[in-house]
Amino acid sequence: MNFSIKKICCIGAGYVGGPTMAVLAEKCENIQINVVDNNPERIKFWNSDDLKNLPIYEPGLESIIAKCRGKNLHFSTDVENNIKDADMIFISVNTPTKKGGIGAGQASDLTFVEAAARLIAKHGQKHTIVVEKSTLPIRTADTIKQILTSANQKYPNSATFDILSNPEFLAEGNAINDLNNPDRILIGGESEDAITSLKNIYLNWVHENKIITTNLWSSELSKLAANAFLAQRVSSINSLSALCEASGADISEVKKAIGTDSRIGNKFISPGPGFGGSCFKKDILNLVYLCNFYGLREVAEYWGKVLEINTWQKQRITEIIFQKLFGTITCKNIAIFGFSFKSNTNDTRESPAIEICHQLINEGANLKIYDPRVSIKQLEKDLGLNTKHDKELGPSNGSWKFTTDSYKAAEGTDAIVILTEWEEFKHLDWKSISTNMRSPSWVFDTRSIINFKEAKSNGINIWIMGRG
Ligand code: NAD
Ligand code: UGA
């Protein structure tokens, strides 16, 4: 028996829940979709009249919200009633790394997932397909199943449940494209009927041969494995960028040479300041935890190295800046171009900029930070209040300041550090920038994006990742 899906509820209106449900609503006009969140502030922004105030920036998202919101896409804090009504519920809550207790610093904190499962257990009224959208450790579906099954005994309703794993592979900044044209849709589950119900939804816009079905545990692990492989490529190219600088090779040439091998491919081998984003680090930590849990110490150590290189890359950049600026940056002015963890997003979670800025401030530098999408409020959260002594971060010699454009940020600085590959940084007017910088002036381009010739011809010293 296929269950006909008329109402979907998504618990969690974040970077995944919001865009994923928006695209689903656009593709499936006959399904009513309610995205719920227990953070009223977030829901308020999803419902704001001015689409510029949506809680996340994602190219292409505004027009879908304009088209579907209020028709078949709704954002609300009413978790209870929307669970009651739903034929299918997506769990898209956050799964951060545990901060304390057993597995602290490695294992995923499943508090929010468990809370969502308990809400479904309590308020579910009929047969409901529960879909894991969040990234979860292997066998989490077991936990959810136990919570839901025990609810049948406790609550006097006739709810029954099927559980599916349907991990999300979207990359921020490209989420709408990724959701419209996914490389694959992965569905893990035990019930053929439930799998078919979810598959039928995706078939509205995804070709059948892109839909992969597996058992629950393979699906859960495949998500962690995909992120680990991607992160490993970034750490691999970053490790070689250091070797290039030391040996006189050029990472852009090496990248081209290896990327033309069809087995390696040219995607995801751009050197940079290290990978950021909310997931790579937490998912690899989780993988390491799982490997240790199953007694696979060598496997855990192997993946742990991907993270070590990532941390080292950030420290390496700070040290290079320090050395090039004559071994002291105390009281020097440094402009930071780009703070988000990648371009086309306002997300700063685990952004390499956070650690690099902290390190520079601790060395006494005065930073002027510019990012086209990151707000001063966010910088305050990430760097602490802009005082020389922040309550949480302790005393520091340096400082930071928010600026609203790159030219203002560069004024009076000794150096510019490019940390995010925003398009506008590719087209900077180096003549105008160089006249307002202190001499000798430096540009540290960790993303290899600037117009090298123009910057050089205006008397700026340049350091480029992997070229030295
Ligand atoms: P997020 O923090 O942006 O959003 C999660 C939302 O869930 C928050 O708004 C929070 O208030 C809400 N929430 C938590 N517990 C709740 C509850 N009990 N009831 C109602 N709402 C609740 O997180 P995200 O970036 O959207 O990530 C969600 C999951 O998707 C994570 O497991 C992540 O690993 C995975 N993922 C993220 C991305 C990405 O690009 N960000 C991509 C693929 C997968
Ligand atoms: C990543 C994956 O690409 C998604 O498939 C996955 O769904 C998501 O994580 C998740 O689970 O959260 P995301 O973190 O949004 O997506 O962005 P990516 O494009 O993967 O970039 C991650 C980091 O790697 C960024 O800091 C980026 O600058 C860096 N990167 C990426 C490089 O330094 N070089 C590259 O060649 C590619």
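Quick notes
- Considering segment 1-91, the qualifying strands (runs of 3 or more DSSP E), each wholly inside and each with 2 or more residues that are within 23 Å of Lys145 (Cα to Cα), run over 7-11, 32-36, 88-91.
- Restricted to segment 419-439, and to residues there that are free of Cβ contacts under 8 Å to residues at least 24 places away in the same chain and within 17 Å of Asn333 (Cα to Cα), the residue that is surrounded by the most Cβ atoms within 10 Å (Cβ to Cβ) is Thr435.
- Pairing residues of segment 302-316 that are open to solvent by 30 Å² or more (accessible area, probe 1.4 Å) with residues that are charged (D, E, K, R), at Cβ distances under 9 Å and at least 6 apart in sequence or on separate chains, gives Thr311/Glu355; Gln315/Glu355.
- Within segment 1-24, the set of residues being small (Gly, Ala, Ser) and buried (at least 24 other Cβ atoms within 10 Å of the Cβ) comprises Gly12, Ala13, Gly17, Gly18, Ala22.
- Residue check for Ala228: under 24 Å from Ile185 (Cα atoms), crowded, with 18+ Cβ neighbours inside 10 Å and either of a type in the set (A, V, I, L, M, F, W, C) or in contact (Cβ under 8 Å) with a residue 12 or more places away in the chain (or both): yes
- Options Ala115, Ala104, Ala121; residue that is open to solvent by less than 60 Å² (accessible area, probe 1.4 Å), of a type outside the set (S, T, N, Q) and touching a helix residue (DSSP H, G or I) at 6+ places or on another chain (Cβ under 7 Å): Ala121
- Filtered residue count, segment 25-47, keeping only those that are of a type in the set (Phe, Trp, Tyr) and surrounded by fewer than 20 Cβ atoms within 10 Å (Cβ to Cβ): 1
- Segments classed as helices (runs of 4 or more DSSP H), wholly inside segment 357-467, with at least 2 members that are of a type in the set (Gly, Ala, Ser): 406-410, 430-435, 452-457
- Note on segment 447-468: among residues that are within 29 Å of the chain's Cα centre (by Cα) and of a type in the set (D, E, K, R), the one that is modelled with the highest pLDDT is Arg447.
- Scan segment 324-355 for residues that are near ligand 2 (Cβ under 10 Å from one of its atoms) and open to solvent by 10 Å² or more (accessible area, probe 1.4 Å) and the total you get is 6.
- Gln125 being outside any helix (DSSP H, G or I), at pLDDT below 95 and among the polar types (S, T, N, Q): yes
- Qualifying residue in segment 209-223 (condition: open to solvent by 20 Å² or more (accessible area, probe 1.4 Å), within 29 Å of Asn166 (Cβ to Cβ) and in contact (Cβ under 8 Å) with a residue 60 or more places away in the chain): yes
The values are calculated or read from the model by the stated rules, or taken from the named source; none is laboratory data. These numbers were taken from a predicted model, which means no experiment stands behind them. Don't worry about glycine lacking a Cβ; one is built from the backbone with ideal geometry, like all the others, and counts go over all protein chains shown. Protein only, heavy atoms only, side chains kept; ligands, DNA and RNA dropped before computing areas. Shrake-Rupley method; radii C 1.70, N 1.55, O 1.52, S 1.80 Å.
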